[in-house]
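The values are calculated or read from the model by the stated rules, or taken from the named source; none is laboratory data. All figures in this text were calculated on a predicted structure; none of them were measured in a lab. Quick reminder, even Gly has a Cβ in these numbers, built from the backbone with ideal geometry, and neighbours come from all protein chains shown.
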Amino acid sequence: MKTLNLPHTDLTVSELIYGCMRIRGSWSDAPLTEEEITAGLRSVRAALDAGITFFDHADIYGRGRCEEIFGHLWKREGVSRDSLILQSKCGIRPGIGYDFRPDYIRQSVEGSLKRLQTDYLDILLLHRPDILMEPDAIAEVFAELKARGKVRCFGVSNFTPAAQRMLQSRLPDTLVTNQIRFGLGFINPVESWLVSGRSNEGHFTRGEGILEYCMEHRIRPQAYSPIVYGGILEPVSEDDPPALQGLKTALREMAEAKNTAPDVLALAWVLRHPAGIQPIIGTTRPERIRSAVQALDLPLSHEEWYQLFIAARGQALP
Ligand SMILES: NC(=O)c1ccc[n+]([C@@H]2O[C@H](COP(=O)([O-])OP(=O)(O)OC[C@H]3O[C@@H](n4cnc5c(N)ncnc54)[C@H](OP(=O)(O)O)[C@@H]3O)[C@@H](O)[C@H]2O)c1
């Protein structure tokens, strides 16, 4: 597994990230069963065996149960804390909205640390922008969490470049990532690089400028749901919109020609972008986790990248 020094930090991370959102398999608030813990840890073990050392969590995943499953890793699998990079998120407050008030951030971090059975998070992300966020108050609570050794560095998720720049203006340290939805099934962050050419441009404005901001500041973005829950890998259906039919066909044909699998090719497409995007793998199946890693060694030419991009957009470039 390739590793890299995460810019603006002293962290060494695996290039691929394993996302723990699905390791419980349900969002039920029932206590965990022994079978659920075993099944969840099997997925995590498969990621570790594939060389992934960077894990993504959020306080809300599985209503906290995903972090709880992960917390059993240390004793049951004999893994040492300092061999892994743990990232979690806070700020989505079910029943209320988004909440970046200092007390809630503090409370959320304490909850994550307890469930994960660790003393510190390597990275804390603000999950979705709280429109009422007070950046000076966030700066204070970040400084406090860092000084107390609870969080080593901070980043954001689903932020517009403007919101990220605004928060950054109050912080001494660079926000180390913006975790966004991106992949062949959700091309907005690169579609927005084209100044014109779509008839329904209004629909395609989300994602605008995020990759450019990250490249400008040498920040590694992270891509979640990179294969859109497997949706772009299903067989072509006559109910699919024409662009999706074209994308599925192009992915399958190019994968065959390159002697690889469509899911591997879809990840290679994300990795090919020069922003240095780190895809977050969401499958819970060990064999799919193992094959995802092949994407790191799958060369994709300039021409092939555009071929898939044009298939995904469902029309020629402007
Ligand atoms: N910041 C945010 O707002 C946000 C939002 C969503 C997710 N995330 C993070 O991103 C991670 C990944 O997201 P995701 O789970 O939506 O990603 P994904 O990789 O696009 O989707 C994974 C899902 O697709 C299914 N799937 C079907 N066919 C597949 C195939 N051939 N290969 C791989 N998977 C296939 C998987 O089922 P099986 O398990 O049966 O393989 C799994 O349910 C999450 O775990 C979480 O850490 C962040």
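Table for the structure above
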read-out	value
Hits in region 176-190 - residues which are buried (at least 23 other Cβ atoms within 10 Å of the Cβ), part of a loop (DSSP other than H, G, I, E, B) and touching a helix residue (DSSP H, G or I) at 6+ places or on another chain (Cβ under 6 Å)	PHE182, LEU184
All positions within region 274-297 that are surrounded by 20 or more Cβ atoms within 10 Å (Cβ to Cβ), part of a loop (DSSP other than H, G, I, E, B) and within 12 Å of the ligand (Cβ to nearest atom)	GLY282, THR283, THR284
Number of positions in region 43-78 that are part of a strand (DSSP E or B) and of a type outside the set (D, E, K, R)	2
Pair list, Cβ under 8 Å, 6 or more apart: region 22-36 residue in contact (Cβ under 8 Å) with a residue 60 or more places away in the chain, other residue part of a loop (DSSP other than H, G, I, E, B) and buried (at least 16 other Cβ atoms within 10 Å of the Cβ)	ARG22/GLY282; ARG22/THR283; ARG22/THR284; ILE23/THR284; GLY25/THR284
Condition check for ILE96: of a type in the set (Val, Ile, Thr), away from the ligand (no atom under 14 Å from the Cβ) and modelled with pLDDT of 95 or more	no
Restricting region 16-41 to residues that are within 15 Å of the ligand (Cβ to nearest atom) and not hydrophobic (A, V, I, L, M, F, W, C), the residue that is surrounded by the fewest Cβ atoms within 10 Å (Cβ to Cβ)	SER26
Residue list for region 216-238, restricted to those being more than 9 Å from the ligand (Cβ to nearest atom), surrounded by fewer than 19 Cβ atoms within 10 Å (Cβ to Cβ) and of a type outside the set (A, V, I, L, M, F, W, C)	GLU216, HIS217, ARG218, PRO235, SER237, GLU238
Evaluation of LEU16 against (1) modelled with pLDDT of 95 or more; (2) over 22 Å from VAL156 (Cβ atoms) (one fails), failing number	(2)
Qualifying residue in region 91-101 (condition: surrounded by 14 or more Cβ atoms within 10 Å (Cβ to Cβ) and touching a His at 6+ places or on another chain (Cβ under 7 Å))	yes
Flag for SER88 being of a type in the set (S, T, N, Q), in contact (Cβ under 8 Å) with a residue 12 or more places away in the chain and part of a helix (DSSP H, G or I)	no
Unmet criterion (only one of (1) more than 15 Å from the ligand (Cβ to nearest atom); (2) among the β-branched types (Val, Ile, Thr); (3) more than 21 Å from ALA223 (Cβ to Cβ)) for THR12	(3)
Residues of region 67-89 that turn out to be closer than 19 Å to VAL151 by Cβ and either buried (at least 17 other Cβ atoms within 10 Å of the Cβ) or acidic (Asp, Glu) (or both), as a count	10
Odd one out for ALA266 among (1) in a helix (DSSP H, G or I); (2) farther than 27 Å from GLU212 by Cβ	(2)
Candidate set from region 113-172 (those that are of a type in the set (Gly, Ala, Ser) and within 20 Å of THR12 (Cβ to Cβ)); member that is surrounded by the most Cβ atoms within 10 Å (Cβ to Cβ)	GLY155
